[in-house]
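Please treat every number below as a calculation from the coordinates, not as lab data. Quick caveat, the model's predicted, so the values are computed rather than measured. Cβ coordinates were reconstructed from backbone atoms using ideal geometry, including for glycine residues, and neighbour counts include every protein chain displayed.
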Amino acid sequence: MAIKVYKKNTAGRRNMSIVKPDDLTKKKPEKSLLAPMTQKAGRSHGKISTRHQGGGHKRRYRLVDFKQQKFDIPGKIIAIERDPNRSALIALVSYKDGDKRYVLASEGMKQDVEIVSGESAPIKKGNRTVLRNIPSGTIISNIELVVGKGGQLSRSAGSGATLMAIDGKMAQLKMSSNEIRLVSKDCYATIGKVSNFEHSAEKIGKAGRNRWKGKRPEVRGSAMNPVDHPHGGGEGRQGIGLKHPKTPWGKPALGKKTRKKKRYSDKFIVKRRVKK
């Protein structure tokens, strides 16, 4: 894994860098595992339906197998690829029965490495097994919340949770946000943290790179007129003049708690994440 920093030839290149993973395979994506993606942002009947979104490069969705339910069938990694729809890398796995699937690439996955999923899978980076068989202190990723539903936790680049202990029917996990929560010990997880951990160190460098991703410009509320935003107006620059910042429609922003007070999953959270 290396970060390529561009020469300061132009203003856009001055602070630009890209992450260049060492193990990327030079091949086109597997055609049978691609699906079309339609644009779901921009304008509806001429009116902006979702602000700051629209345009961007055309993409196709990669059908990633988050369940990995081909139990006890060894699979060989034949390619490590980028996915334009997520920050993590994905691995193309060819199983012994001839089936090919994309899975989330965890740290240490390389071409020609063999991985396996199942209750009796050995504790090795890239393998997938039930939480009750994983030793305490192991870093895991792509963790199930509901048995058989597929991985939902720790799926972005470089993320991972630590298995603290097994207590009765539940496993205690420490998330990267320092939240400690309970998950059924029969849920599956992948050994090791997710690949491409240097993704957060990448510098965009120019606005155009965000436009390629479908991100349109944002305008500060304080730069607008009073008719357009609660923060707008005034001569020169000044603060927002309010106790709490607001959205353009007058609703509280930044720090407003949106979680339901009696959410069903509260009983599974032992310790809340630390607010920064």
Nearest-0.05 FRET efficiency for LEU242 and LYS262, computed from C-beta distance (R0 30 Å): 0.50
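Stretched out fully, how many nm does the piece from LYS47 to ALA207 gain, at 0.36 nm a residue minus the Cα gap?
55.2 nm
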Suppose each label sits 7 Å from its Cα in the direction of the beta carbon; what would the THR162-LYS124 distance come out to in nanometres? 2.6
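Roughly what % of DSSP beta bridges within segment 23-125 run antiparallel, to the nearest 5?
The answer is about 90 percent antiparallel.
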Between segment 65-112 and segment 149-216, the alpha-carbon center distance in angstrom: 17
What percent does the relative contact order of the chain come to when contacts are Cα pairs within less than 8 Å and at least six residues apart? 17
Share antiparallel - DSSP beta bridges, segment 106-191, percent rounded to 5: 95
Using a 7 Å offset from Cα along Cα-Cβ at ARG272, what residues in segment 167-187 end up with backbone N under 18 Å from the label point? 175-182
Packing-based exposure ordering (other Cβ within 10 Å, fewest first) of HIS229, HIS57: HIS57, HIS229
Helix-derived [θ] at 222 nm for the chain: sum -39500 (n - 2.57) over DSSP H runs of at least 4, divide by residue count, nearest 500? -500 deg cm²/dmol
Considering only DSSP beta bridges with both partners in the chain, what is the antiparallel share in %, to the nearest 5? 95
Filtered hits (lysines, Cα-Cα < 19 Å from LYS275, offset >= 8 within chain) -> LYS174, LYS256, LYS257, LYS260, LYS261
The orientation-averaged projected area of the Cα convex hull of segment 108-195, in nm², is 5.3
Starting with the fewest neighbours, write out LYS20, LYS261 ranked by other beta-carbon atoms found within 10 Å of each beta-carbon. LYS261, LYS20
Whole number please: convex hull volume per residue, Cα atoms of the chain, in Å³. 187
Testing the spin-label approximation: label points 7 Å from Cα along Cα→Cβ at THR25 and LEU254. State their distance in nm. 4.6
If R₀ is 25 angstrom, what is the calculated FRET efficiency for the pair SER177 and GLN111, using the beta carbon separation as r and rounding to 0.05? 0.15
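Could you count how many Lys pairs in segment 29-167 have their Cα atoms under 12 Å apart, skipping same-chain pairs fewer than 8 positions apart?
8
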Which of the trypsin sites (Lys or Arg not before Pro) found in segment 170-245 are in a DSSP loop and have at most 10 neighbouring Cβ atoms, other than their own, within 10 Å? ARG220, ARG237, LYS243
For LYS215, list the aspartates and glutamates whose Cα falls under 12 Å from its own Cα; do not include residues on the same chain fewer than 8 positions away. none
